Amino acid sequence: MTLSKVHSGEVTLKAICGGRGFRARLYSFGLTPGSRFSVLRQDGCGRLMIRVRDSVFALGSGMAEKMVVE
């Protein structure tokens with residue numbers, strides 16, 4: 001399932017379906033395949049707040065749609 005379908009809870013990143021620049025940006029956040037992170041909240045417009053280790057990031061719905069999680 002894609003990250004855009006998760007409303008809250010802990011997930012594991014399985015794959016990133018995007019180009020080199022997109023993958024590089026996520027890697028710089030510490031989001032690599034196999035990493036676990038928490039979805040803190042998702043608002044009605046598709047924006048997500050996630051916690052990766054000790055940092056909190058906001059992701060748009062387009063980014064979340066390209067991330068396969070379990």
Checking residue 17 against (1) at pLDDT below 95; (2) among the hydrophobic types (A, V, I, L, M, F, W, C); (3) open to solvent by 40 Å² or more (accessible area, probe 1.4 Å), which test does it fail? (1)
Taking residue 65 as meeting all but one of (1) surrounded by 15 or more Cβ atoms within 10 Å (Cβ to Cβ); (2) of a type in the set (D, E, K, R); (3) out of contact with any helix residue (DSSP H, G or I) (no Cβ under 6 Å at 6 or more places or on another chain), write down the number of the exception. (3)
Does region 29-45 hold any residues that are over 15 Å from residue 61 (Cα atoms) and at pLDDT 95 or above, and which are they? 31, 32, 33, 34, 35, 36, 37, 38
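The values are calculated or read from the model by the stated rules, or taken from the named source; none is laboratory data. Note that the structure is a prediction, hence the values are computed from the model and not measured. Quick reminder, even Gly has a Cβ in these numbers, built from the backbone with ideal geometry, and neighbours come from all protein chains shown. When the accessible area is computed, the model is the full protein with side chains, heavy atoms only, and any ligands, DNA or RNA have been set aside. Shrake-Rupley method; radii C 1.70, N 1.55, O 1.52, S 1.80 Å.
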